[in-house]
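Since the structure comes first, as structure tokens, the remarks are kept for the end.
The values are calculated or read from the model by the stated rules, or taken from the named source; none is laboratory data. This structure is a prediction, so every number in the text was calculated from the model and none was measured. No Cβ is skipped: glycine too gets one built from the backbone with ideal geometry, and neighbour counts run over all protein chains shown. Ligands, DNA and RNA are excluded from the accessible area calculation, which covers all protein heavy atoms including side chains. Shrake-Rupley method; radii C 1.70, N 1.55, O 1.52, S 1.80 Å.
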Amino acid sequence: MRRLCILLLLLGFLPIGTFSLSLKDDIKILLRERQVQDLDHTGLNLVFYVKIKNSSSKAYYLSGYSYRFVVDQTEYLRLQTSLDSRLRLNPSEETLIALPVKVTYKHLFRTVPGIQAKGKALCYIMGELAFADDKKERGRLPFSFSGEFPIYSDPQVDLVALNINMLTIGGSDLNLEIKLKNMNEFELLVQRVSYRIKVGNFSIGGGSIGGDKSIPAHGEKTFQLPMLLNFFEVGKDVYAFLQQDTAPCKFSGMIEIHTVWERLEIPFDVSKDTIINKPSS
């Protein structure tokens with residue numbers, strides 16, 4: 001009986017929460033979502049948003065992490081980081097952290113041969129998060145999440161023809177025919193094309209076309225850009241260019257497209273000898 005009383009007395013001096021379960025029972029690591037960010041023709045960021053749930057009655061701290069990022073069964077990146085400022089994980093709360101992976105296509109194509117032809121890449125990230133409390137490091141917990149990301153290419157812009165509807169010594173009614181090619185495994189939605197056009201060294205105008213214009217995967221779409229020219233304004237030498245079968249043209253500007261991930265603005269600059277289609281006599 002005396003020993004039981006001593007034991008109860010000792011337990012009475014222990015603060016609530018001292019008898020914590022193991023780190024594995026206190027901390028849960030869950031994937032909240034994956035996001036493709038900063039997508040362009042050079043690469044992207046694949047961000048894993050991870051939820052850390054501290055179910056204990058005391059604070060923990062995230063003190064570091066390490067991971068391997070694997071693409072198509074080939075290791076692309078290995079990283080180990082200690083945090084200079086530890087992240088506090090409050091008792092009985094959830095904390096959201098981001099694990100970003102920078103994917104550079106140039107490095108990816110060199111590291112994972114053949115991935116460029118696949119259109120998208122399957123991947124996974126696996127590693128450990130390191131945890132501490134107020135006194136010391138408490139250990140590391142593993143995590144592993146799968147994902148995928150696109151192999152993206154900018155649409156190709158082709159200057160097809162100058163189609164002349166009417167040509168006089170004073171001016172011309174024509175349209176510029178262009179073609180956009182989608183080289184990707186996914187649809188592109190063209191929101192706007194802003195452009196300038198030169199014939200020879202003479203600027204003959206510009207403008208923009210809007211509206212939702214879908215280009216399917218590995219598809220193409222032709223656009224007609226109408227123009228009215230006054231040769232007294234753009235230069236009388238343009239009249240001589242338009243009487244030829246071809247003329248040196250420069251087509252430049254910006255394409256605004258939407259993907260399932262984000263909006264992109266893509267500059268273009270195409271110079272080529274372009275066919276001139278004249279009206280039938």
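Quick look at the values:
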| read-out | value |
| --- | --- |
| Matching residues in region 88-101 - criterion: being part of a strand (DSSP E or B) and loosely packed, with under 14 Cβ neighbours inside 10 Å | Arg88, Glu93, Leu96, Ala98, Pro100 |
| Index of the failed condition, Phe109 passing every other in (1) farther than 21 Å from Met126 by Cβ; (2) part of a strand (DSSP E or B); (3) among the hydrophobic types (A, V, I, L, M, F, W, C) | (2) |
| Selected residue (only one of Met254, Met227 is open to solvent by less than 80 Å² (accessible area, probe 1.4 Å) and either acidic (Asp, Glu) or touching a Leu at 6+ places or on another chain (Cβ under 7 Å) (or both)) | Met227 |
| Residue satisfying all of: in region 225-281; in a strand (DSSP E or B) and acidic (Asp, Glu); farthest from Ala161 (Cα to Cα) among these | Glu265 |
| Residue among Arg32, Arg86, Arg68 that alone is more than 26 Å from Thr111 (Cα to Cα) and under 25 Å from the mean Cα position of the chain (by Cα) | Arg32 |
| Which numbered condition Leu242 fails, given (1) within 24 Å of Gln37 (Cα to Cα); (2) open to solvent by less than 70 Å² (accessible area, probe 1.4 Å); (3) of a type in the set (A, V, I, L, M, F, W, C) | (1) |
| Residue within region 35-48 that is charged (D, E, K, R) and either modelled with pLDDT of 50 or more or part of a loop (DSSP other than H, G, I, E, B) (or both) present | yes |
| Filter result for the condition that a residue is in a strand (DSSP E or B) and open to solvent by 30 Å² or more (accessible area, probe 1.4 Å), over Met183, Met166 | Met166 |
| Neighbours by Cβ (under 8 Å, 6+ apart or cross-chain): first from region 145-170, small (Gly, Ala, Ser); second in a loop (DSSP other than H, G, I, E, B) and surrounded by fewer than 15 Cβ atoms within 10 Å (Cβ to Cβ) | Ser153/His41 |
| Phe69 vs. criteria in contact (Cβ under 8 Å) with a residue 24 or more places away in the chain and either among the hydrophobic types (A, V, I, L, M, F, W, C) or part of a helix (DSSP H, G or I) (or both) | yes |
| Residue count for region 114-157, restricted to those that are open to solvent by less than 50 Å² (accessible area, probe 1.4 Å), in a strand (DSSP E or B) and not β-branched (Val, Ile, Thr) | 14 |
| Residue match in region 130-141 (condition: more than 20 Å from the chain's Cα centre (by Cα) and closer than 30 Å to Gln243 by Cβ) | no |
| Residue within region 211-224 that is farther than 30 Å from Leu122 by Cα, touching a Leu at 6+ places or on another chain (Cβ under 8 Å) and open to solvent by less than 20 Å² (accessible area, probe 1.4 Å) present | yes |
